[in-house]
Amino acid sequence: MTTEIASLPWLPRPPADFRQRCKELDPRGAASELRRLSSFFLDERHSHLIASALRRVSNSGARLEGLTRVRLAILSNSTTTFAAPAIVAAGLRYGLQIEVVEAEFSQVFQEALYPDSQLYRSKPDMVLLAMDHRGLPISPCPGEKETARQIVTRGLTEIEGLISAIRGNCRATVILQSIPGVVWPTFGNFDSALPGTLNRLISELNILFVERLIPQGILIADIANLAATVGIGEWSDPRSWNLAKIPFATRFLPLYADQVARVIGAAYGKSRKCLVLDLDNTIWGGVVGDDGIDKLVLANGHPTGEAYLEVQRAALALHSRGVVLAVCSKNEESIARAAFREHPEMLLRESHIAAFQANWEDKARNLRTIAERLGLGLEALVLLDDNAAERDLVRHALPEVAVPELPDDPAMFARTLLCAGYFESIAFTEDDRKRNEQYAANALRARLAEDSTDIESYLRSLDMTIEIGSFTQIDRQRIVQLINKTNQFNLTTRRYTEEDVKQLEYDPRVSTFQVRLRDRFGDNGLISVLICRTAGTDWIIDTWLMSCRVLKRRVEHAVLNVVVEEARSRGLKRIVGVYIPTARNGLVKNLFEELRFGLLDRVGLEESWALDVSTFVPFAVPLEVKRQPPPDRAAAL
Amino acid sequence: MNEDIYGKLTEILRDVFDDDSIVATPQLTANDVEAWDSVSNVRVFVAIEVEFGIRFSNAEITQLQNVGELVELIERRRVQ
């Protein structure tokens, strides 16, 4: 099988009856079939077919359960007609139902600057700014240092102008593409030494994008890096540009589209969270149960042994940025664990593994157990497994789990995993750094819970303290992350961008709460978010969500106590809670009832519940509450 | 060999135009397929390049008169 990145080698090849399956797509059950079809490698032909099928089903009014709708407007000075269906197809792979709105060709500035342009009329959720260097004012000025500096500044100003126009006219999140370098070495080797050459101008502009625009909440699709990864000589194709202003060689359309879809997916919390590792011939060479620990192929200086070390290094790198690791292997547990403890070259140790399932049960079942133990959904898991039969079995039994194809040569395992983009992120927060400690602590708590006879004394034994305060700028990224990826304990599943959250912080009719939890095993970080809107003497809970890591610890009771107290001090009479059911939030179906709210109204599936502030009796809670004072708005302004 | 190319082209055209009735024959031209415009023409050639692992120049693409000539071009390119 091919390992060429352009063919997304981690995806299985599409079935021969792909067109037929798209054609016969039944609106009932369409969402899962679409996701299954999108899990294959889809070239331009397949992308077009599946995008048409999606449009047909969506026009028929069918609800696509589990897919998040995103309207994506593309602003570009090159042709995007061919990329559009590929982005739609790739979006399905990340649980997104993307509707692409293409701006008129080469009308970037008109579209961005006129408030009633097609762009803004379409009310996009996201705007992709896909600028080609050929449409930007960056003409080379070799050797003219000062002019070069001005050109780069002007290029940035132009992009910043576009972005501020977009932000002024709509609420969309902006994704900016970095600009690939070019094959244009007029001075040869001396090009990179000379200020003002085209490649120097482009790379300086890209650096400014990252330095200046990311802090402003712009997302970057790093197409420059993608082009460099596959080779700029391959990426750039004058034929495509000359023929139809297609900005790169058409065979990279699927790769490009997947890259864009990943960024959107990450912004909507679709990135996966846990890497599940098979053991034999995946993270070491050989079968530990048959060959013994001392015969495993895993060593520096050994050509195949280094390949497996590289897999472990990749897993560790993911671990240190907050991806949870688990083991799922057909093995005797004691022998498998012994390899982790005793093999001198092992980089992965038991302490890195949050859930360790080594037994003889089938993998699908073990993967379910892992998901349950970690409090994660199956769609958060990625299984790395060298065995094609096991991969196939898991894909059929648990289509939610991502299972990358792997080439025969273990030297390509690590790269294949990392290039597949399962763990795409748009930020790196303090909580990401600590996440693995938290999961490890969860496992300890689970053990303690087994020892405790009654739940109350168990909870008391945790020595929990929560800190509740308003949203702060420093926590904003984490708040946005929680808002966009919490699915289970989430009453309304309303998603807000960083820009939205910032506005909420300053809105006098809105009160925000963020909750941190500490216990004797460590700091759980920011785990719950609540947004209230004032309406007369009511406080309406616009958003209430909590991380699943801290379920069943009565945090929600403690939070409600604080919210009611705060409402009372502001002279409000009622708290109104809204429950909007989704495929994922059944967990909180009865929350308001449990919290002694009374049912107010039911419209369709949406329910509203009310709680009388004056008669509310605070819940007794097994934790300490520290209230941070609400911000002094007058002082803040 | 030749039939094999026609078979693959038939599949490509059916995918691109989402139409199972299309059959690639030597006489077939873009005018015979209603949806065959300049945009879908690019898509046809993107698919052909991927399927056969070959590349055409823009001049070659614009000079073609019918599917028969296209098949000849593919054959020549594959031999090279």
Taking region A:546-570 as the region of interest, how many residues are closer than 19 Å to A:SER470 by Cβ and either part of a helix (DSSP H, G or I) or basic (Lys, Arg) (or both)? 15
Just to be sure before I move on: is A:LEU119 under 25 Å from the mean Cα position of the chain (by Cα) and either within 27 Å of A:PRO238 (Cα to Cα) or surrounded by 14 or more Cβ atoms within 10 Å (Cβ to Cβ) (or both) in the structure I sent? no
Within region A:65-85, can you find the residues that are of a type outside the set (Phe, Trp, Tyr), farther than 27 Å from A:GLY269 by Cβ and within 11 Å of chain B (Cβ to nearest Cβ)? A:THR79, A:THR81
Residue selected from region B:16-31 under the condition of a type in the set (Ser, Thr, Tyr) and more than 14 Å from chain A (Cβ to nearest Cβ), by the criterion nearest to A:HIS48 (Cα to Cα): B:THR29
Every residue in region A:90-108 that is part of a helix (DSSP H, G or I) and closer than 17 Å to A:GLU424 by Cβ, please. A:ALA90, A:GLY91, A:LEU92, A:ARG93
What pairs come out if I take residues in region A:506-522 that are over 14 Å from A:ASP542 (Cα atoms) and pair them with residues that are of a type in the set (Gly, Ala, Ser) and surrounded by fewer than 15 Cβ atoms within 10 Å (Cβ to Cβ) whose C-beta lies under 9 Å away, six or more apart or interchain? A:TYR506/A:ALA636
Being under 14 Å from A:ASP258 (Cβ atoms) and either assigned by TED's automatic domain parsing to the domain that holds A:GLU405 or part of a strand (DSSP E or B) (or both) is the filter here, so list the residues in region A:46-71 that pass it. none
Considering residues that are touching an Asp or Glu at 6+ places or on another chain (Cβ under 7 Å) and free of Cβ contacts under 8 Å to residues at least 60 places away in the same chain, the number found within region A:82-96 is 1
Residue among B:GLU51, B:GLU60, B:GLU34, B:GLU11 that alone is closer than 26 Å to A:SER52 by Cα, within 14 Å of chain A (Cβ to nearest Cβ) and either in contact (Cβ under 8 Å) with a residue 12 or more places away in the chain or part of a loop (DSSP other than H, G, I, E, B) (or both): B:GLU51
Just the residues that are aliphatic (A, V, I, L, M) and within 14 Å of chain B (Cβ to nearest Cβ), please, taken from region A:222-275. A:LEU243, A:ALA244, A:ILE246, A:ALA249, A:LEU253, A:LEU255, A:ALA257
Might you check whether a residue that is surrounded by fewer than 20 Cβ atoms within 10 Å (Cβ to Cβ) and farther than 24 Å from A:GLU405 by Cα occurs anywhere in region A:37-55? yes
Looking for whichever is without any contact (Cβ under 8 Å) to a residue 40 or more places away in the chain, more than 14 Å from chain B (Cβ to nearest Cβ) and either within 27 Å of A:ALA165 (Cβ to Cβ) or out of contact with any Phe, Trp or Tyr (no Cβ under 9 Å at 6 or more places or on another chain) (or both) here; the options are A:ALA51, A:ALA62. Which one fits? A:ALA62
Give the residues of region A:25-45 that are in a loop (DSSP other than H, G, I, E, B) and small (Gly, Ala, Ser), sorted by residue number. A:GLY29, A:SER39
Please go through region A:579-637 and pick out each residue that is of a type in the set (S, T, N, Q), modelled with pLDDT under 90 and over 28 Å from A:THR465 (Cα atoms). A:THR582
Of all residues in region A:288-301, which are in contact with a Leu (Cβ under 9 Å, 6 or more places away or on another chain) and not small (Gly, Ala, Ser)? A:VAL288, A:LEU298, A:ASN300
With the requirement that a residue be in contact with a strand residue (DSSP E or B) (Cβ under 9 Å, 6 or more places away or on another chain), touching a residue at least 40 places away in the same chain (Cβ under 8 Å) and not small (Gly, Ala, Ser), what does region A:540-555 give you? A:ILE541, A:ASP542, A:THR543, A:TRP544, A:LEU545, A:MET546, A:ARG549, A:ARG553, A:VAL555
Filtering region A:229-262 down to residues that are surrounded by 24 or more Cβ atoms within 10 Å (Cβ to Cβ) and in contact with a strand residue (DSSP E or B) (Cβ under 8 Å, 6 or more places away or on another chain), which residue is nearest to B:SER38 (Cα to Cα)? A:PRO247
Restricting region A:123-132 to residues that are surrounded by 20 or more Cβ atoms within 10 Å (Cβ to Cβ) and not aliphatic (A, V, I, L, M), the residue that is farthest from A:ALA266 (Cα to Cα): A:PRO124
Please note which strands (runs of 3 or more DSSP E) are completely contained in region A:283-387 and include at least 3 residues that are under 21 Å from the mean Cα position of the chain (by Cα). A:324-330, A:381-384
Name the residues in region A:369-389 that are surrounded by fewer than 19 Cβ atoms within 10 Å (Cβ to Cβ), touching a residue at least 12 places away in the same chain (Cβ under 8 Å) and not small (Gly, Ala, Ser), would you? A:THR369, A:ARG373, A:LEU378, A:ASN387
The helices (runs of 4 or more DSSP H) lying wholly within region A:454-545 that contain at least 3 residues that are under 19 Å from the mean Cα position of the chain (by Cα) and within 24 Å of A:VAL564 (Cα to Cα) are A:476-485
Name every residue in region A:1-36 that is hydroxyl-bearing (Ser, Thr, Tyr) and within 12 Å of chain B (Cβ to nearest Cβ), in order of residue number. A:THR2, A:SER7
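The values are calculated or read from the model by the stated rules, or taken from the named source; none is laboratory data. Computed from a predicted structure; not experimentally measured. Reconstructed Cβ throughout: ideal geometry from the backbone, glycine too, with neighbour counts over all protein chains shown.
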